[in-house]
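What follows is a set of notes on a single structure, which appears directly below.
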Amino acid sequence: MKIEGFGNLSPDIINQNKKNNPVSGFADTFANLVQEVNQNQQASTSAVQDFVSGKGIELHEVMIAGEKAKTSLELLMEIRNKTIDMYKELTRMPL
């Protein structure tokens, strides 16, 4: 039995991904990330309110929503910090 390589499959997969997910700019990506963080924060707030009002949500679900919101916000802040550092380094480079 002859085993063939995967090299001939790669271009098809790459071309398919390019068609489905066009590359967007950094601003669009960052805006989407900010929107996701906002949604996570709102979901966390809603989970806390539902728990306090007794709408049948469990404590572990509230904790998971809170940690998800916290982690996504921390990721956003780190990306912002790295972006600012990158900009500062670029402005220091001689032309």
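For the stretch 46-57, a residue qualifies if it is more than 18 Å from Glu36 (Cα to Cα) and touching a Gly at 6+ places or on another chain (Cβ under 8 Å), and the qualifying residues are Val48, Asp50. Among the residues making up the stretch 71-95, a single one is not in a helix (DSSP H, G or I) and not hydrophobic (A, V, I, L, M, F, W, C): Pro94.
Among the residues of the stretch 52-72, is there at least one that is closer than 26 Å to Ala27 by Cα, surrounded by fewer than 14 Cβ atoms within 10 Å (Cβ to Cβ) and over 16 Å from the mean Cα position of the chain (by Cα)? The answer is no; no qualifying residue exists. For the stretch 58-95, filtering for residues that are charged (D, E, K, R) and under 24 Å from Gln35 (Cα atoms) leaves 9. Any chance the stretch 5-14 includes a residue that's more than 21 Å from the chain's Cα centre (by Cα), modelled with pLDDT under 90, part of a helix (DSSP H, G or I) and hydroxyl-bearing (Ser, Thr, Tyr)? The answer is yes; a qualifying residue exists.
The values are calculated or read from the model by the stated rules, or taken from the named source; none is laboratory data. None of the values given here were measured: they were computed from a predicted structure. Glycine gets a Cβ as well: all are built from the backbone with ideal geometry, and neighbour counts include every protein chain shown.
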